[in-house]
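What follows is a short report on a single structure.
The values are calculated or read from the model by the stated rules, or taken from the named source; none is laboratory data. The model shown is predicted, which means the values in this text are computed figures rather than measured ones. Reconstructed Cβ throughout: ideal geometry from the backbone, glycine too, with neighbour counts over all protein chains shown. Note: accessible area is taken over every heavy atom of the protein model, side chains too, but ligands, DNA and RNA are not part of it. Shrake-Rupley method; radii C 1.70, N 1.55, O 1.52, S 1.80 Å.
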Amino acid sequence: MTKDEIIVLWQASRLSLSKSYEKAPEILKVQGSVIGTLGNFSASIGKAKSKKTFNVSAIVAAALKNGTVLQYVAMLPEDKRKILYIDTEQSPYHCLKVMKRILRMAGLPTDKDNELLEFLALRKYTPAQRILIAEQAIYNTDNLGLVIIDGIRDMVYDINSPSEATNIISKLMQWTDERQIHIHTILHQNKGDENARGHIGTELNNKAETVLLVEKDKSEENISRVEAMHIRAMDFVPFAFRINQEALPELVEGYQLEKKQPGRPAKEKFDPYKDITEQQHRIALEAVFGLQTEYGYEDLKTSLIENYNKVGVRLNHNKAVSLIVMLRNKRMVVQDKGKKYSFMPDFRY
């Protein structure tokens with residue numbers, strides 16, 4: 001940019017008490033709490049199989065009918081009724097299933113396209129191409145009010161890259177401001193905690209208007225609950241939904257949120273299969289058995305603790321015992337009649 005161009009932007013960015021500035025129109029609410037306004041973006045996060053896409057389908061269905069679905073209430077202005085759904089993860093076949101589900105939830109026909117809903121399946125493209133396609137659609141769709149990006153992780157090459165995360169979040173802020181739309185994104189959580197994945201997750205938490213947490217109920221796995229992890233407006237009471245016989249999400253009436261015990265939350269029991277990735281297992285085991293081909297039990301335990309630590313997995317005595325049991329059950333490590341342990345490098349995880 002030239003110096004003159006920068007000066008123009010500087011002057012245009014100055015606020016003045018002599019001017020009035022409009023409040024961002026509110027288009028999405030839960031229980032009266034604002035979760036989405038035009039000119040801002042929000043996000044849903046959750047672990048795999050937590051029904052994040054079902055939850056977002058309810059948001060889109062509410063926007064399509066400009067009414068209520070589950071506990072989402074949509075109020076899009078008449079000149080902002082168009083919805084753009086961008087999916088970066090699924091095949092066209094599965095995207096079509098999501099599209100039909102949204103129409104069914106909105107009470108609309110599923111045998112013909114709806115002029116208010118445009119659905120893009122971008123799985124086959126690169127992250128750079130996905131950004132360019134999304135930008136073209138956002139700037140060339142008339143009466144656009146709501147955009148869903150299901151899988152924003154696939155708009156970056158490296159989820160832990162600060163520069164890529166800053167770039168895509170800057171894009172969201174630019175698109176929402178210049179087009180005066182609301183964008184809602186979906187991102188997975190880390191396995192070990194409630195944080196959104198990678199550097200892009202950190203940026204989302206810092207910049208998003210609202211971050212919804214979708215997670216399975218601990219006592220009933222067929223129920224998913226929704227709560228506000230971060231919200232600029234007044235918080236809302238968490239609600240829950242289940243998938244009914246018609247494969248549609250329905251509200252769980254009278255849902256009681258599990259009361260949290262005082263003090264630090266109890267940690268889940270260590271699971272070496274769930275808490276350690278296949279790559280970590282493979283690197284650590286190749287290091288262990290690269291030193292020697294067979295181990296007695298105590299020597300194996302010592303070497304596992306040392307080499308798993310090198311891949312970021314800290315093991316104590318009890319965790320190492322659980323790990324050995326899991327490695328034997330998965331036949332990643334086998335024990336011969338002489339009770340020596342050896343490695344099976346062609347294991348299937």
Amide H proximity to residue 184 below 5 Å, modelled H, separation 5+ or other chain, gives 42, 147, 148, 149
With +1 at each Lys and Arg Cβ and -1 at each Asp and Glu Cβ, the charge dipole magnitude of the chain around its Cα centre, to the nearest 20 debye, comes out at 940 debye
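In whole percent, and with a 1.4 Å probe on the protein chains, what portion of the accessible area of the chain is carbon and sulfur?
On the way: 9730 of 19690 Å².
Result for the chain: 49 percent of the exposed heavy-atom area is carbon or sulfur.
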Most packed first (mean Cβ within 10 Å per residue), the peptides 2-8, 58-64, 248-254 order as 58-64, 248-254, 2-8
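Using Cα-Cα distances under 8 Å and only pairs 6 or more residues apart, what relative contact order does the chain have, in percent? Write down the numbers at each step before the final one.
Numbers: 564 pairs, mean separation 57.7, N = 349.
Relative contact order here is 17 percent.
When ranked by the protection proxy of mean other Cβ atoms within 10 Å per residue, highest first, what sequence do the peptides 67-78, 17-28, 46-57, 119-130 form?
46-57, 67-78, 119-130, 17-28
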At R0 = 30 Å the Cβ-Cβ FRET efficiency linking residue 291 and residue 348, nearest 0.05, sits at 0.80
Cα-Cα longer than 30 Å, checked against 52/112; 49/340; 23/82; 80/171; 23/218; 274/301, kept in input order, equals 49/340; 23/218
Computed about the Cα centre, the charge dipole of the range 76-153 from +1 Lys/Arg and -1 Asp/Glu charges at the Cβ has a magnitude in debye, to the nearest 20, of 360 debye
Around residue 135 (Cβ within 13 Å, Cβ-to-Cβ, excluding residue 135; K/R +1, D/E -1) the net charge comes to +2
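With every protein chain present, what is the per residue accessible area of the range 1-123 (1.4 Å probe, Å²)? Walk me through the intermediate numbers first.
Working: 6660 Å² over 123 residues.
Computed with neighbouring chains in place, this is 54 Å² per residue.
Treating only the Cβ of Lys, Arg, Asp and Glu as charged (+1, +1, -1, -1), what charge dipole size does the range 5-158 show about its Cα centre? Round to the nearest 20 debye.
Values: 21 positive and 16 negative charges, 134 e Å.
The dipole magnitude comes to about 640 debye.
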Each label sits 7 Å from Cα toward the beta-carbon; between residue 318 and residue 141 the label points are separated, in nm, by 5.1 nm
For the range 107-146, shape from the Cα gyration tensor axes a ≥ b ≥ c, cut at a/c of 1.5 then a/b versus b/c, turns out oblate
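Share of antiparallel DSSP beta bridges in the chain, in percent to the nearest 5?
If I count the DSSP bridges inside the chain, around 55 percent turn out antiparallel.
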Expressed to two decimals, the range 294-349 has a Cα Rg over Rh, using the Kirkwood radius, of 0.95
Calculated from DSSP helices alone, with each H run of at least 4 adding -39500 (n - 2.57) and the total divided by the residues of the chain, [θ]222 nm to the nearest 500 comes to -11000 deg cm²/dmol
The distance between the Cα centres of the range 263-339 and the range 56-102, in whole Å, is 45 Å
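Calculate the tail of P(r) for the chain: the fraction of all Cα-Cα distances greater than 29 Å, expressed in %. The partial results should precede the final answer.
Numbers: 30852 of 60726 pairs.
Taking all Cα-Cα pairs of the chain, the fraction more than 29 Å apart is 51 percent.
What Kirkwood radius, in Å to one decimal, follows from the Cα pairs of the range 15-152? Mind dumping the intermediate values first?
Values: mean 1/r = 0.0627 Å⁻¹.
Roughly 15.9 Å, rounded to one decimal.
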Sorted largest first, the C-alpha extents of the range 11-86 along its principal axes in whole angstrom are 50, 28, 25
Counting only residues 5 or more apart in sequence or on a different chain, those whose built amide H sits under 5 Å from that of residue 34 are 234
Dipole check, the chain, charges on Cβ (K,R +1; D,E -1), about Cα centroid: among 74, 186, 324 the Cα furthest to the positive pole belongs to 324
